[in-house]
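Colleague: I have a structure I would like to understand better, so I am pasting it below and will then ask my questions one at a time.
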Amino acid sequence: MSRTAQLRMCFVEKGVVSLTADTHDHGQVEVGLTGREGLVGASAILNPKSYSVHRAFTQAEGGAYWLSSTVLRSTVERSATLRDRCLRYLEMLMVQASQVAACCSAPSARAASTMAVDGPRSN
């Protein structure tokens, strides 16, 4: 697994970003999607020395607001509302990842995985 220091994060304004994890055979598997309901680099909220364990790819073109993880962490510490929203999003990412894992063990894993990843997203 490649580990890259998490220095920047982005809030997706428009578009869709796919989050993938590396596999042992040098492939990748999609473990989540995010759009305007979330952010890329969310683990930096929990750990100031976090490392990115997923790759992010644009699936649907759009726009995003980029900022340093340090700035977002300090803002989250000062704003209870922002902290609550970010933690809710992190919870949703965990649900999404567990649904993907469950679906990937099913016989029709590819179709089930797509349904699980698309299911929890809000429009």
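Taken together, the values in this text are just the output of simple stated rules run on the coordinates, not laboratory data. These numbers were taken from a predicted model, which means no experiment stands behind them. Here Cβ is always computed from backbone atoms with ideal geometry, including for glycine, and neighbour counts include all displayed protein chains.
Colleague: What ³J(HN,Hα) values, in whole Hz, does the Karplus curve 6.51 cos²θ - 1.76 cosθ + 1.60 give for segment 17-31 when θ = phi - 60°, with x put for Gly and Pro?
Modeller: With the stated coefficients, segment 17-31 comes to 10, 8, 9, 10, 10, 6, 9, 5, 9, 6, x, 9, 10, 6, 10 Hz.
Colleague: Between Cys104 and Leu7, 0.36 nm times their residue separation minus their Cα-Cα distance comes to what? If you can, show how the numbers build up before the last one.
Modeller: Values: separation 97, 0.36 × 97 = 34.92 nm, distance 3.10 nm.
Here the segment from Cys104 to Leu7 would lengthen by 31.8 nm.
Colleague: Test of understanding: extend the Cα→C-beta vector of Trp66 to 7 Å, then name every residue of segment 6-26 with backbone N under 18 Å from that spot.
Modeller: Only 6-19 fall inside the zone, counting backbone N under 18 Å.
Colleague: Here is a follow-up. Calculate the translational D of segment 4-118 in whole µm² s⁻¹ from Stokes-Einstein, where the hydrodynamic radius comes from the Kirkwood formula applied to all Cα pairs, the temperature is 37 °C and the viscosity 0.692 mPa s.
Modeller: Numbers: Rh = 14.8 Å.
Reported coefficient: 222 µm²/s.
Colleague: Here is a follow-up. When the dipole is taken about the Cα centre of segment 21-64, and only Lys, Arg (+1) and Asp, Glu (-1) are charged at their Cβ, what size is it in debye, to the nearest 20? The partial results should precede the final answer.
Modeller: Details: 3 positive and 5 negative charges, 47 e Å.
I would put it at about 220 debye.
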